[in-house]
Amino acid sequence: MTRYALLVRGINVGGKNKVVMAELRQELTNLGLEKVESYINSGNIFFTSIDSKAQLVEKLGTFFA
């Protein structure tokens, strides 16, 4: 199992389009990611997964589209 850092740009900046980190963590957990953690409200997400890099790119790309 590999540990990853996901850096999501442009969320919770300037008070517009606020994203609740607890909800985002839960949604990413529902995608099959494990040990999902966030660093404050910065959009920095850490998680573990057994999926390949290609699978993660597809899964996360679809999620954030």
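Things worth noting here:
- Here the Gaussian network model covers the chain, with springs between Cα atoms less than 10 Å apart; of G15, G43, G32, G15 fluctuates the most.
- Taking the protein heavy atoms of the chain in the context of the full set of protein chains, the accessible area attributed to carbon and sulfur is 54 percent at 1.4 Å.
- With each label modelled as a point 7 angstrom along the Cα→C-beta vector, the N12-V57 pair spans 2.8 nm.
- Computed from backbone phi with θ = phi - 60° and the Karplus coefficients 6.51, -1.76 and 1.60, the 3J(HN,Hα) list for segment 31-39 is 6, x, 6, 10, 6, 6, 9, 10, 9 Hz; x is used for glycine and proline.
- 16 Å Cα-Cα reach of K18 towards aspartates and glutamates, excluding residues that sit fewer than 8 places from it in its own chain: E27
- Degrees, to the nearest 10: 53-64 long Cα axis against longest axis of the chain: 30
- Nitroxide proxy distance, nm - points 7 Å out along Cα→Cβ at A5 and N30: 2.8
- The residues of the chain present an accessible area of 71 Å² per residue when probed at 1.4 Å with all protein chains retained.
The values are calculated or read from the model by the stated rules, or taken from the named source; none is laboratory data. Quick caveat: nothing in here was measured; it's all calculated off a predicted structure. Using ideal geometry, Cβ is built from the backbone for each residue, glycine included, and neighbour counts are taken over all protein chains shown. These accessible areas exclude ligands, DNA and RNA; they are computed on the full protein's heavy atoms, side chains included. Shrake-Rupley method; radii C 1.70, N 1.55, O 1.52, S 1.80 Å.
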